[in-house]
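Working notes, structure below.
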Amino acid sequence: MDGASPASPAAPHPFDCDLLVLGSGAGALSAAVTAAHLGLKVIVAEKEPVFGGTTAWSGGWMWIPRNPLALAAGIAESIDEPRRYLQGIVGRHLDPQRAEAFLTCAPQMLQFHLDHTALRFIDGNAIPDFHGRAEAARTGGRSVCAAPFDGGRLGADLKRLRPPAPLLSFLGMSIGGDLRHFLRAGRAWDSFLYAAKRTSCHLLELALHGQGRLRLGGNALAAALLKSVLDAGVSLRERHAAVGLIEEGEGRGSRIVGARLRTPQGEVTLRARCGVVCACGGFPHDDARKAALFPHAPHGHEHRSAAVPSNTGDGLRLAEAAGARVATDLADAGAWCPVSVVPDAPGASNGLGAFSNFPHLAERGKPGLIAVDRAGRRFVDEAGNYHSFMRALFTRCAQDFPGQPIEAWLVVDHRFLRRWGLGAVRPFPLPCGAHLRSGYLKRGATLAELAGACGIDAAGLLRTVNDHNLHAREGRDPTFDRGGIPYDRMQGDTEHPGPNPCVAPIEQGPFYAVKVVPGSLGTFAGLAVNAHAQVLRADGSPIAGLYAAGNDMASVMGGHYPSGGITLGPAMTFGWILAHHAAGRPLPLPEPPEVPPNTSPEAPPASRSDARSTPSPQDLRT
């Protein structure tokens, strides 16, 4: 990346557009369609041949407190409630101005899309916040998800949309809120019929069109946004990789007026009258920056992200070369998630491995699974959120296994495996032999044999399972209170006959395990911005004409994970906010209420496994 280069002062150059957006995830496309609606000429430049970024591989959920769908269902709360929730979880890492801008504008952003774009939503009125014991946490009403989208509405442009993630789809079929039916298809007629109908329709569409048309979750979000920007007249340029920003003026009086891009036809220059938006997806596949910011990854490659392989930190490098500051003073630099590495996964030979990294999001809350360390001991409420799971694993490894690889094993019995699957292993009736042969799935006729196959202390594992089973038969988990908060119970099995939907004994051999290692869904550290998403210099002054959105922008959550959707919700919202500022119509953003001195809240443990637990770099690199 060359960085910013001064334009020649000899003669003014004509502008190619008003706003140039680099990247094509939710934040980028939200900014683009909003700017176009405000009358700007917009170009979206994407370095890959498809649009949608990691958004197209995501679950599509957005955390939007006080959203119109919740209000329509009679779920009303004052802005002070989500504000207090964030203050309690994020604590000293909270940016009050940006947090207030988000909480104020997020519902307005959602209404804009309902009024002016192809995007529609399903409510999350039964989706709880992650930290159920925190002050002002709610059991629903703060989340929305993209509604299913008929990709046929894109016509020939459907081929320009990033397809669903290979490891998270079935036969390339987009799966979202209907995952429950696919997991139950082997034991419930209603789910079997649903899955059979969807699969049949998908196979027919594959034969007729080369891909399925029905898109769900994050793929539906990306598809609807792609349809919206096309309808709004936004120019889409695939295979356009930004290699430098164009800067006019000097010092604090300078302004970003475009970018140089590498294309299959050679380098081109695009000039933008109102500025440039960096929305390139953060740095989950930039080993150098991961090594600098991730204590558990001293060389970078030790961290395995489930984000798309092209998210290599381009936006951060471009902005830094123009004088921008990357904010690294967050609680965590990444959105941690346990992942398992799947050998011989489709596309794993791409050199970046994103296709082979399976994020463990759903099955950890089901009854009959525990996570253990190399000593065979549990270390966390497995049903809790993925970020807290990894924080607890970092702490355990730093304390008890310094200098050794950070890893854990998800242990289940035969009943669990066939009912729910495990990671990339699908449930009955799909076979698991290939995963056994590759070594991804470990099996043992006894727990001791399983421990030997995994390298786990056998005596420790046996003690842990025996203790777990003793209490699990009564639906209890006295050690970590698994199932004790609404989020846990949502992740559990509502059809489980026991008293706790998250707890069941592990006793029906053979026994199985999959190893999980540090991974992420994306990055939190990013470009420092103000409440209008203007990128800031080290001295705090904004760089005129330069904005950031999505994971290129430092997380408004300060490196904490208050709830599901805290990446896409702010991405969509700040894309909407920055578009107004770029169009010369900045939104009136309220000042945050004053917090009394010496009472700034810190993040309390929201469950027994949620205590702040990421160790220092010295702890993990000893």
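The values are calculated or read from the model by the stated rules, or taken from the named source; none is laboratory data. Treat the numbers as computed from the prediction; the structure is a model and nothing was measured. Cβ coordinates were reconstructed from backbone atoms using ideal geometry, including for glycine residues, and neighbour counts include every protein chain displayed. The accessibility values were calculated without ligands, DNA or RNA, using every heavy atom of the protein model including side chains. Shrake-Rupley method; radii C 1.70, N 1.55, O 1.52, S 1.80 Å.
So here's what we get for this one:
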read-out	value
Full-extension gain in nm, Gln108 to Thr328, via 0.36 nm per residue minus C-alpha separation	76.2 nm
At least 27 Å along the helix axis (C-alpha) and Kyte average at least -0.5, DSSP helices within the chain	96-116, 189-209
Sites His299 and Ala126 - FRET efficiency at Förster radius 45 Å, r taken between beta-carbons, to 0.05	0.60
Cα gyration tensor shape of the stretch 399-512, rounded if a/c is under 1.5, else prolate or oblate by comparing a/b with b/c	oblate
Taking the chain and dividing mean pair separation by its residue count, relative contact order in percent (alpha carbons under 8 Å, at least six apart)	23 percent
Shape of the chain, Cα gyration tensor, a/c cut at 1.5	prolate
Translational diffusion of the stretch 186-278, µm² s⁻¹ [Kirkwood Rh, Cα pairs; Stokes-Einstein; 4 °C; 1.567 mPa s]	74 µm²/s
Solvent-accessible area of Thr328 with every protein chain in place, 1.4 Å probe, in Å² to the nearest 10	80 Å²
Rounded accessible area of Tyr440 (nearest 10 Å², 1.4 Å probe)	10 Å²
Radius 13 Å from Cβ of Arg415, net charge of other residues (Lys, Arg +1; Asp, Glu -1)	+1
Accessible surface, per residue, of the chain when the full set of protein chains is kept, probe 1.4 Å, Å²	37 Å²
Neighbour net charge for Arg271 - beta-carbon separation under 11 angstrom, K R +1, D E -1	-1
The chain, helix-only ellipticity at 222 nm - DSSP H runs n ≥ 4, -39,500 (n - 2.57), divided by all residues, nearest 500	-9000 deg cm²/dmol
Peptides ranked, highest mean first, by Cβ atoms within 10 Å: ranges 362-372, 488-498, 402-412	362-372, 402-412, 488-498
Three-way shape label, the stretch 37-80, alpha-carbon gyration tensor, a/c 1.5	oblate
Percent carbon-and-sulfur accessible area, the chain, ignoring ligands, DNA and RNA, probe 1.4 Å	54 percent
Simple label model, 7 Å out from Cα along Cβ direction - Ala459 to Val268, nm	6.9 nm
Other-chain or far-sequence residues with amide H under 5 Å of Thr523's (modelled H)	Phe283, Ala335
Ala321-Glu77 pseudo-label distance in nm [points 7 Å out on the Cα-to-Cβ vector]	4.4 nm
Label-point gap, in nm, between Asp150 and Thr199 - each point 7 angstrom along Cα→Cβ	2.5 nm
Highest-first arrangement of 514-520, 582-588, where packing means the average Cβ count within 10 Å	514-520, 582-588
Total formal charge among the other residues, if their Cβ is under 13 angstrom from that of Asp329, Lys/Arg +1 and Asp/Glu -1	0
